[in-house]
Amino acid sequence: MSGRLHPATFRPPPGLANRHVQTLLPRLLPRPRVKRDVEILELPDGDFVELTWARPAPAREDAPLFVLFHGLEGSFASPYARLLLATAARLGWRPVLMHFRGCGDMPNRLPRAYHSGDTADAYWLIGHLAHRYPRALKVAAGVSLGANMLIKLVAEQGGDGLDLAGAIAIGAPLDLAACAASLHQGFSRLYERHLLASLKAKVARRLRAGELPLPLDRRRLAGLDSLRAYDDAVTAPLHGFDGAADYYRRASAGPLLGELELPTLLLHADDDPFMPAGLFERLPHPSASVRVEIARHGGHVGFIEWRDGGLRSWLSRRVGRQLEDWASPAGQEAWPDRLRVTRSDS
């Protein structure tokens, strides 16, 4: 690989390289126990998001802060969420997960949901944390949908618009139209059906309660057999897009890779069943602030390796190493071109 595209160090165990095996393995392995506190963060439009804080929290107010954004229909219960929160906590960071609207324990209030390009809530949260912990170094990470959202947010705000030292994007569906098409093919339709079942169950409850301004009845909702059809009938009209094609075009973060100014690490598996092969070949060259690490295998947010006599998460190990790099006194040398990592009060 050339430029700022680098081969990832991930190597799957013998016999476990298959992309679907890698995708499903994290759900079969033991998950770390993470004690948590839940906080309701009120939003400017009258809605709210649920924050999950890993406990115990660091005693120091200036302890580094790790903000995590989950994927489509993800939550604190997602395997990667507990792994990454536990990893950050073990390193002495203050970890918090933001649930997108309606993905926590309670349905959101307003007649809307969330989507891949919905950056306003994350922007509000990061600003809130900047006031609450002004001296803490902060790093945000996003997984899948949350990764696309985070990259879009970083591009929108420029190098100084966010109180973040860096961003980590994992398995980002940077071309939403192409990824929706990939999910509607072959074995990947299993994942699509799983996601659709969760999405449609939420919408059905709210339609019965008369909470959503959509011309949908139970029969038509049940007949939506692809994510693209769902986005065309639900996501787009709820959030001001003119259909799925308009939503995918305006919400995809891939075209913005060349505009990123904040140090950003992208982790990607070339065999991700949620995405087309060679995803980065169809996207602009990343800016000097971006490091893309591409593994041949890994599936969708899988990256399970053999280490210390057992199956372990390479993903948590790689993210942990990046957090340590950015929090160290020599953090400005995390990238070869020595992009400087700063705290908000520097």
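Going by the alpha-carbon gyration tensor, a ≥ b ≥ c the square roots of its eigenvalues, is the stretch 1-49 rounded (a/c under 1.5) or, if a/c is not under 1.5, prolate (a/b greater than b/c) versus oblate?
Working: a/c = 3.21, a/b = 1.66, b/c = 1.94.
Oblate.
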Run the 1.4 Å probe and let me know the accessible area of Tyr123, rounded to the nearest 10 Å². 110
Considering the chain as a Gaussian network with a 10 Å cut-off on Cα pairs, which listed residue, Gly15, Gly243, Gly146, attains the greatest mean-square fluctuation? Gly15
Under the classification rounded if a/c is under 1.5, otherwise prolate if a/b is larger than b/c and oblate if not, where does the stretch 101-226 fall, given a ≥ b ≥ c as square roots of the Cα gyration tensor eigenvalues? oblate
Along the stretch 39-54, Karplus-curve 3J(HN,Hα) (6.51, -1.76, 1.60; θ = phi - 60°) to the nearest Hz, with x for Gly and Pro, reads 10, 9, 9, 6, 10, x, 8, x, 8, 8, 10, 9, 9, 10, 9, 6
Highest-fluctuation residue, Lys138, Lys202, Lys152 considered, GNM on the chain with Cα pairs under 10 Å: Lys202
With n ≥ 4 as the cut-off for DSSP H runs, can you work out [θ] at 222 nm for the chain, using -39500 (n - 2.57) per run divided by the number of residues, rounded to the nearest 500? -9500 deg cm²/dmol
When the chain is treated as a GNM, springs tying every alpha-carbon pair under 10 Å, which of Phe100, Phe48, Phe187 comes out with the largest mean-square fluctuation? Phe187
For the chain, which DSSP H helices look membrane-span-like by this rule: Cα extent along the axis of 24 Å or more and mean Kyte-Doolittle of at least -1.0? 189-208
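With a ≥ b ≥ c taken as the square roots of the eigenvalues of the C-alpha gyration tensor of the stretch 14-113, please select rounded if a/c is under 1.5 and otherwise prolate if a/b is larger than b/c or oblate if it is not?
oblate
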Environment charge of Ala180, counting only residues whose C-beta is closer than 11 Å and scoring Lys/Arg +1, Asp/Glu -1: -3
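What net charge do the residues around Gly158 carry, taking every other residue with its C-beta under 9 Å from that of Gly158, with Lys and Arg at +1 and Asp and Glu at -1?
On the way: positive: none; negative: Glu156, Asp160, Glu259, Glu261.
Net local charge, Gly158 excluded: -4.
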Please report how far the C-alpha centroid of the stretch 276-316 lies from that of the stretch 42-66, rounded to the nearest whole angstrom. 28
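With an 8 Å cut-off on Cα pairs and a minimum separation of 6 or more residues, tell me the relative contact order of the chain in percent. Walk me through the intermediate numbers first.
Details: 679 pairs, mean separation 79.5, N = 346.
So the answer I get is 23 percent.
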Normalised contact order of the stretch 163-251, rounded percent, pairs of Cα under 8 Å and 6 or more residues apart: 29
Karplus ³J(HN,Hα) for the stretch 160-171 (6.51 cos²θ - 1.76 cosθ + 1.60, θ = phi - 60°; Hz, whole; x = Gly/Pro) runs 10, x, 10, 7, 10, 7, x, 9, 10, 10, 10, x
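The values are calculated or read from the model by the stated rules, or taken from the named source; none is laboratory data. Note that the structure is a prediction, hence the values are computed from the model and not measured. Cβ sites come from the backbone with ideal geometry, for glycine too, and all protein chains shown count toward neighbours. Surface accessibility is based on the protein's heavy atoms, side chains included, excluding ligands, DNA and RNA. Shrake-Rupley method; radii C 1.70, N 1.55, O 1.52, S 1.80 Å.
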